[in-house]
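Following: one structure in structure tokens, then a few remarks.
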Amino acid sequence: MNGNWSQLELTRSAGASTAQASLALTAFWGAVTAGRLLFTAAQRWLPTRYTYRLLPIVLVGTFLAVSTLSDGRAVLGIGVFALAGLGCSALLPLTISFGEERLADIAGAMAGLVIAFYQLGYGIAAFGAGPAQSAGLSLSTLFLATASIAAALAVLSVVLTRSR
């Protein structure tokens, strides 16, 4: 949702200019990259299981914030999308790591499976939101619905990172 629909949502709901909407997308992807570096460095003092549990909660908050953006709040929207990038940053590599650790018997296939499901989810968000809008759902509503998916991931992250 963030990587495909942030610009349109900011221009529609927050009254952002094209430049502001582009900056929000840049902030999102920049924070994804910076967050991966940050959480890699932070694992010395912040156990990865806590990072894995925290990031979906950050995403719940950002999706809720995006769903409530109103006209004149473009600068806030840029910050929210940057925070969303941070929330997304380490989830993919940590999912691969935890999957390979917990499912050692199929560790060789684990990275490929996670990437395949990531691409499936990305495709659903990229190409599913358009028809959903044509059916009458607003982007704000779709971002709100995505918050519930992130909440489910938050619960799942606790289950996946419990001690054996």
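The values are calculated or read from the model by the stated rules, or taken from the named source; none is laboratory data. Since this is a predicted model, take the numbers as computed values, not measurements. Cβ coordinates were reconstructed from backbone atoms using ideal geometry, including for glycine residues, and neighbour counts include every protein chain displayed.
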Checklist line | Of all residues in region 3-25 being closer than 13 Å to Gly79 by Cβ and of a type in the set (S, T, N, Q), the one that is modelled with the highest pLDDT | finding: Gln20
Item checked: Of residues in region 1-47 being touching a residue at least 60 places away in the same chain (Cβ under 8 Å) and of a type in the set (S, T, N, Q), the one farthest from Gly123 (Cα to Cα) -> Ser13
Check: Residues in region 44-63: is at least one modelled with pLDDT of 95 or more, in contact with a Leu (Cβ under 7 Å, 6 or more places away or on another chain), of a type in the set (A, V, I, L, M) and crowded, with 19+ Cβ neighbours inside 10 Å?
Finding: yes
Next item on the list: Identify the residue in region 139-164 that is touching a Lys or Arg at 6+ places or on another chain (Cβ under 8 Å) and not β-branched (Val, Ile, Thr) and, among all such residues, is farthest from Val60 (Cα to Cα).
Entry: Leu160
Note to self: What are the pairs with Cβ atoms under 9 angstrom where one residue, in region 48-76, is in contact (Cβ under 8 Å) with a residue 60 or more places away in the chain and assigned to a helix (DSSP H, G or I) and the other, located anywhere, is among the acidic types (Asp, Glu) and crowded, with 20+ Cβ neighbours inside 10 Å? Sequence gap at least six, or different chains.
What the structure shows: Val66/Glu9; Ser67/Glu9
